[in-house]
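The numbers here are math on the coordinates, done by the rules we state, and not lab data. All figures in this text were calculated on a predicted structure; none of them were measured in a lab. Reconstructed Cβ throughout: ideal geometry from the backbone, glycine too, with neighbour counts over all protein chains shown.
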Amino acid sequence: MNTTNSILIVDDENLVRDSLSKWFREDGYEIGVAENAACALKQLQQRRWDVILLDIKMPGMDGMELQLRIREIDTDAAVIFITAHASVDTAVQALKSGAFDYITKPVDPDHLSHLVQNALKQKALSGENIKLREHITEFFKVDDFIGESPVMKKVFDLIGTVAPTDTTVMIRGESGTGKELIARAIHGNSRRKYFPIVTVNCGALPEGILESELFGHERGAFTGAQYQRKGKLELADGGTLFLDEVGNIDVKTQMDLLRVIETKQFSRVGGNQLINVDFRIICATNKNLEKAVSEGSFREDLYYRLNVFTILVPPLRERKSDIPAIADYFVRKCARAMGKEIHSISPDAMDLLISYDWPGNVRELENAIERAMVVGKTSSIHPEELPIHLKDRTRSPAGGSLAALENEYIRQVLEENKWNISRSADVLRIDRATLYNKIEKYGIPRPT
Amino acid sequence: MSASINILNGSSLVRPSELERIAENIGGIYGLPVRCVHAEFDLPKAFDSSRGQYNSTLLLSGLPGIGGTPGPVGPKQIGLVDVDLFIPVLTFVFGEAQLDGEAAVVSTHRLSNQYYGLPRSHELLLVRLEKELIHELGHTFGMYHCRQFECVMRSSTYVEEIDMKKAIPCSGCTARLLELLSRH
């Protein structure tokens, strides 16, 4: 039994105080007794009590009045009224004034024990809830984003503007720019923050699987569907649905998704029952959706539904002034995670980081710092500890376009990982399907 | 005075030979000599006519040797009665003990099947009684309630809960009991 839980028994009858004290002491509770309101208030000023068992009828200040005074001192204590004279009016009044419960003497021993246990459980849950809410609010603070550059300040302003609304947001930007972080910041600063944000990586799942992932399925809907399963749409009820790589959704699922967005209703795969959902949509893409619409691979109506408020995340090369602060942040983060005593980046290494164009954006920068932290032996990071290619390619190839940079970077990562697609996709922080698409797009030949 | 346990038998339902058998088991658990003694209790004094029940706290304070007339004294006295017991705030109790004190009392009243309209089972009554005697005695040695499902020190507010637990303390309570006994 948890001996830290405490009960204050307030009753003018000595016999009642003694009986209750004995009963609860055997359960290992810490017990305090008070014979009247004045005595109880004195005890409450000295320390906190988890549960207060309070007699309603007492000479002088009665239990009802005392309960109001208790609330001024301690809002958390669970008050349980005990009375010998039950009346519906008193019970209603007691509960309305914020009491946890109301019981009449004599009490069934089982009822009394459970009542106190439930009061303690509810008090613990409520305390935990407050802590979690505080934690969530802290966790999603926009201030935690690193970036002082004017372009990023504009992004922060947009997050602050759109977050409290229920507007659909489309986040656009290259791979590795932190689109998911921005989605989480929007969710975390919205009225939906205490509900889940459910991420669907649309690029990572084949057609049939994505449908089942989004809508869920009924038992027997298809071979292998042995159990009913809730889809991400249902799981996001009350919260936010984050559709990452939204440009990769197949045409059939686009149509189904459009219907859900319009009606906020859907049925599971293989089911007929309509399920109502309430969620906000945030989506992200690095694809040219306008081009996909004109080519017919992305539905125009869905495009307009999703593209209500756009946030364009600039690539790292367009906000080089942010690189030192971001790099320092990753050094601190890795040092903590690895337990290493590396605290800074040497001026030479920092010059190298600033002059590089970072086609893989912040994600690539994080990988570079992580690698340097692994091999680093001194208290700061030096140029030789950074990935070789940084030194080789600190300047963009003459006339090199973004696509050319991406092409080169992907080739290099594939070579470094001996064409292991999963590992290369991990390093690039993209899904395998996207990597295959890019290999095909740039016609990168697989070595024989 | 050397440590021992006295069972003050005021029950007409439990035969002395049956109580001796139970006493032997109790002695095995507490590692102390247990004596069964016939006793008369001042039941009218503990009777509450408004409830038709007997106040266990009053009964406890009037046990022979506990602040009253000298009787077969010993460090731990546990009274056994057949009447329905209560403490003022509760509808009933199976028994009551002084936590880390001298005495306890247990009633057979709500331990019998007949009370619940079920067929009589004397054997079951004895099993329940043994568990309750061990439980209340545990409190007199300073033991608290335990959350282990089968531990004899688990709080039982229904007779079914008594049936579910065993007549022995769990390993945690055994360790605590040994520590407490070493102080006696």
(request) Alpha carbons only, please: Rg and Dmax for the protein assembly as shown, in angstrom. (result) 36.5, 110
(message) Run the simple label-point estimate for residue A:69 and residue A:13 please: 7 Å along Cα→C-beta, distance reported in nm.
(response) 2.2
(message) How would B:49, B:12, B:156 line up from fewest to most surrounding beta-carbon atoms within 10 angstrom?
(response) B:49, B:12, B:156
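Please state the relative contact order of region A:153-275 as a whole percent: Cα pairs under 8 Å, 6+ residues apart?
About 26 percent, as a whole number.
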(request) Quick one: grab Rg to one decimal and Dmax as a whole number for region B:61-184, Cα atoms only, in Å. (result) 14.7, 44
(message) Helix-only mean residue ellipticity at 222 nm, chain B, DSSP H runs n ≥ 4 weighted -39,500 (n - 2.57), per residue, nearest 500. What is it?
(response) -10000 deg cm²/dmol
(request) Starting from the Cα-Cα distance between residue A:42 and residue A:417, subtract it from 0.36 nm times their residue separation and give me the gain in nm to one decimal. (result) 127.9 nm
(message) If each residue of separation counts as 0.36 nm, what is the full-extension length gain between residue A:320 and residue A:88 once their alpha-carbon separation is subtracted?
(response) 76.5 nm
(message) What distance in nm lies between label points placed 7 Å from Cα along the C-beta direction at residue A:348 and residue B:183?
(response) 7.0
(request) Take the Cβ-Cβ distance between residue B:163 and residue B:47 as r, set R0 to 35 Å, and report the resulting FRET efficiency rounded to the nearest 0.05. (result) 0.75
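In whole percent, what relative contact order does region A:397-448 give with Cα contacts below 8 Å and a gap of six or more residues?
Normalised by residue count, the contact order of region A:397-448 is 29 percent.
Would you kindly calculate the translational diffusion coefficient of region A:6-136, applying Stokes-Einstein with the Kirkwood radius from alpha carbon pairs, for 4 °C and a viscosity of 1.567 mPa s, and quote it in µm² s⁻¹ without decimals?
Here the translational diffusion coefficient equals 87 µm²/s.
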(message) Modelling each spin label as a point 7 Å along the Cα-to-Cβ direction, I'd like the residue A:165/residue A:148 distance in nm, to one decimal.
(response) 3.1
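Provide A:256, A:76 in ascending order of the number of other Cβ atoms located within 10 Å of each residue's Cβ, fewest first.
On the way: A:256 19, A:76 12.
Taking fewest neighbouring Cβ atoms as first place, the list is A:76, A:256.
Output the relative contact order of region A:1-110, whole-number percent, from Cα pairs under 8 angstrom with separation of 6+ residues.
Value for region A:1-110: 23 percent.
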(message) Could you give the length gained by full extension between residue A:180 and residue A:305, i.e. 0.36 nm per residue of separation minus their alpha carbon distance, to one decimal place?
(response) 43.0 nm
(request) Take A:432, A:446 and order them by how many other Cβ atoms sit within 10 Å, fewest up front. (result) A:446, A:432
